[in-house]
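K.L.:
Sharing a structure below in structure tokens format, with a few things to ask.
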């Protein structure tokens, strides 16, 4: 079963061990691999209100399942401290696109990125699109396929994307499929 | 096979004196999905302890009686009957031997009303009842709504939830 969610919905989700049924940490931040457009892992924090703000890193390869209520791992051994991750050069690559401006190929600014939309299936989460906020405050969803390029400051999208925005996650899946069927970034 | 929800509050009787020594309050479940012990709120007043069990029904429910929760190991249960749980004597129950048991005595590891989480990370609901073998303490099923999860589906029992596989 697969679901489409906003990346920020994963913040605070508990990390639960399959061997002892304990919630050992929760998601502090979602780390992305910009080259693969996937979730590369999670930065963790403690569960209690006054607990440690840094409880390690969890690579996506060590995740057994991403569920609606918990992220499942085999055991607490799957979590790396930040120091260990740095020593092993295994810190997931990341690119912060939140807050980046959104510009069409024809040079029109359409807003800024306020969230990433993820397609979650099993233990993997792929970036399916972006949620953008226009200058007038309205929000819409843009399929990943509509993006031309991305930097830390700007997300460039195809002009044709303006025809395929959806204002709710339910309709977003259909919008992605429709854009893929029409295909051309130069528009139909 | 019996259900736990109907057994909570069942009388615990000592066989050597026919005295009621407590009522079942919680169960202590191991990682092997078996009940290892039960807990009871022991009646600490010795006067009441010597009275016939039949005359103790009303005083036992009095909120003024002091009570020290204690543990009765499954191995010390002679029989788990439909009306009473029988053990050898009033001295058989013991105090909690560890922090983990202390939590269990206070209901910290109870299965009833505990959340059931699938190995896919989805909460299915609260455990409404537990079906177990009254002879061995082995749990045979967890009831969540209309569904009953068998022992082969139970993956882990822990402080956060009971984890079960939905695969049949």
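K.L.:
Just how far, in whole angstrom, is the range B:73-88 from the range B:1-45 if you go by their alpha carbon centroids?
P.N.:
Taking the Cα centre of the range B:73-88 as reference, the centre of the range B:1-45 is 8 Å away.
K.L.:
Here's a follow-up. Starting from the Cα-Cα distance between residue A:133 and residue A:145, subtract it from 0.36 nm times their residue separation and give me the gain in nm to one decimal.
P.N.:
Separation in residues times 0.36 nm, less the Cα-Cα distance, equals 2.5 nm.
K.L.:
Sticking with this one: May I ask you to derive the FRET efficiency for residue A:75 and residue B:8 from their Cβ-Cβ distance with R0 = 30 Å, giving the value to the nearest 0.05?
P.N.:
About 0.35, to the nearest 0.05.
K.L.:
Taking R0 as 41 Å, what FRET efficiency do you get between residue B:166 and residue B:84 from their Cβ-Cβ distance, rounded to the nearest 0.05?
P.N.:
The value I calculate is 0.65.
K.L.:
Taking beta carbons within 10 Å but only from partner chains, what does the mean come to for residues A:66-74?
P.N.:
5
K.L.:
Moving on to the next point. How large is the Rg to Rh ratio of the range B:92-145 when both quantities use alpha carbon positions and Rh follows Kirkwood?
P.N.:
1.06
K.L.:
When a footprinting reagent is the concern and you count Cβ atoms within 10 Å, what order do B:76, B:119 take, fewest first?
P.N.:
B:76, B:119
K.L.:
A further question follows. For the range B:92-132 and the range A:12-77, write down the distance between their C-alpha centroids in whole Å.
P.N.:
24
K.L.:
Between residue B:99 and residue B:133, what FRET efficiency comes out of the Förster formula 1/(1 + (r/R0)^6) with R0 = 25 Å and r the beta carbon distance, rounded to 0.05?
P.N.:
It comes out at approximately 0.30.
None of the figures in this text is laboratory data; all of them are computed from the coordinates on show. Note that the structure is predicted; figures quoted are calculated from it, not measured. Note: ideal-geometry Cβ built from the backbone for every residue, glycine included; neighbour counts use all protein chains shown.
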